[in-house]
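A short reminder: the numbers here are calculations on the coordinates, not readings from a lab. Since we're looking at a predicted model, the values are computed, not measured. Note: ideal-geometry Cβ built from the backbone for every residue, glycine included; neighbour counts use all protein chains shown.
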Amino acid sequence: MTESVRAVMLDPDWFGDVDAERRHFAELLDREVTVEGVDCTEAEIPEAVGEADLLLSHYTGVSAAAMDATGCSVVSRYATGIDDIDVAAATERDARVTRVPSYCDDEVGTHIVSLGMALVRGLPMYDAGTEDGTWQWKDAAPVRPPEAQTFGFLAFGNKARAAAERAAALGFEVCAHDPFLDDEEIAALDATPVGFEELLDESDVLSVNTPLTPETEGILDADAFARLDDEAVVINTSRGKVLDEDALLAALEADELRGAGLDVLAEEPPAPDNPLLTRDDVVVTPHAAWYSTESAATLRRRGTEIAVAAYRGENVDGVVNPNAFE
């Protein structure tokens, strides 16, 4: 380690400043530390950042070229997902990659069920109708109670489980498909284990929670939407590209789905002319499912703690590639 440490936040405007990170780094490191905010794209990192010991990111991707240019030993994602960080390249360069696990499970669980219930109850349709002056209970018909419906989950990690607890409390039946969990594990979590096709057949509300991988990209395609019931609702809080947005739009236009609740999109922020933004049967939130005042404070504190531990060579929970340093 050098006598002084330079950490660079790649998207400082996300919180508006890097004051909390400066404070946390100063408390955790017993040496001079500089924390700077450099607002740049992934492609701009090599020229915009210069040398840095740690690259900190909320959304900005980090490529092999960025690592080579900065000479960083740690790439820290202040979030859960790391799909746009080149972990293989980092490992080749003896750089640790970190993320912040489980800091917002309850927030995301609440957001999933909130989106689902808004569409199940037809709130966007009612809002549009009252704005147009119709004032009709029929605007969202048919509306069915939770007790008559099934809330399904594609992947059943911590966030999905938090949502499942809330959905069950409202009266929904719960089912889940997760190829990385045994049926017994899913059943022990009070959900009915199902295969992928059965998940589509059974779900009145389908929550997408799978990470983005080559295998899951576009897994919800035209065939999947066709298999869902025409009154089904799709909720996506994972990654936008897990879902084929063109196929989703086509299904909505053909009245083959009741609606969609999207916290993530393939392009973020979306183009102003994205047709999903103006539909009465779609609720779009700005990648905000993680957010509460408390979770934001936890993210900034815990993200820095994990980054510092990784910089010290400690393989704590949150280090993505610990096996490379055993």
- Message: Students often check this: by mean Cβ neighbours within 10 Å, which of 284-290, 184-190 ranks highest, and how do the rest follow?
- Response: 284-290, 184-190
- Express the relative contact order of the range 115-239 as a whole percentage, based on alpha carbon pairs under 8 Å and six or more residues apart in sequence. 25 percent
- Message: Compute, for the range 187-326, the length of the dipole vector about the Cα centre, with Cβ point charges of +1 (Lys, Arg) and -1 (Asp, Glu) only. Units Debye, rounded to 20.
- Response: 1100 debye
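Suppose the chain between residue 127 and residue 148 were pulled fully straight at 0.36 nm per residue; how much longer would it get relative to their current alpha carbon spacing?
On the way: separation 21, 0.36 × 21 = 7.56 nm, distance 2.40 nm.
In short, 5.2 nm is gained.
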- Please report the orientation-averaged projected area of the chain, defined via the convex hull of its C-alpha atoms, in nm². 17.8 nm²
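Taking the Cβ of residue 201 as the center, what net charge do the other residues with Cβ under 12 Å away carry, scoring Lys and Arg +1 and Asp and Glu -1? Don't jump to the answer; show the numbers that get you there.
Working: positive: 227; negative: 197, 198, 202, 204, 229.
Result for the local shell: -4.
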- Note on the structure: Simple SL model, points at 7 angstrom along Cα→Cβ for residue 138 and residue 231; separation in nm is 1.7 nm
- Message: Using a Förster radius of 22 Å, what is the FRET efficiency between residue 170 and residue 294 based on their Cβ-Cβ separation? Nearest 0.05, please.
- Response: 0.40
- Note on the structure: Taking alpha-carbon centroids only, the range 157-188 lies from the range 259-326 a number of Å equal to 21 Å
- Note on the structure: Largest-first semi-axes in Å of the equivalent ellipsoid built from the Cα gyration tensor of the range 3-149 are 44, 16, 16
- Message: Shape verdict for the range 169-228, please, from the Cα gyration tensor: rounded (a/c under 1.5), prolate (a/b greater than b/c) or oblate.
- Response: oblate
- Charge sum, other residues only, whose C-beta stays under 11 Å from residue 223's C-beta, Lys/Arg counted +1 and Asp/Glu -1: -2
- Item | Ordering of 96-105, 291-300 by burial proxy (mean other Cβ atoms within 10 Å per residue, highest first) | 96-105, 291-300
- Note on the structure: The relative contact order of the chain, taking Cα pairs under 8 Å that sit 6 or more residues apart, comes to a percentage of 18 percent
- Long-range amide H partners of residue 6, meaning residues 5 or more apart or on another chain whose placed amide H is closer than 5 Å, are 34, 53, 54
- Query: How many nm is it between the label spots at residue 223 and residue 253, if each spot is 7 Å from the Cα in line with the beta carbon?
  - Reply: 2.3 nm
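Shape verdict for the range 53-99, please, from the Cα gyration tensor: rounded (a/c under 1.5), prolate (a/b greater than b/c) or oblate. If you can, show how the numbers build up before the last one.
Values: a/c = 1.59, a/b = 1.48, b/c = 1.08.
Since a/c reaches 1.5 and a/b is larger than b/c, the shape of the range 53-99 is classed as prolate.
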- Give me 24, 111 ranked fewest to most by other Cβ atoms within 10 Å of their Cβ, as a rough exposure proxy. 24, 111
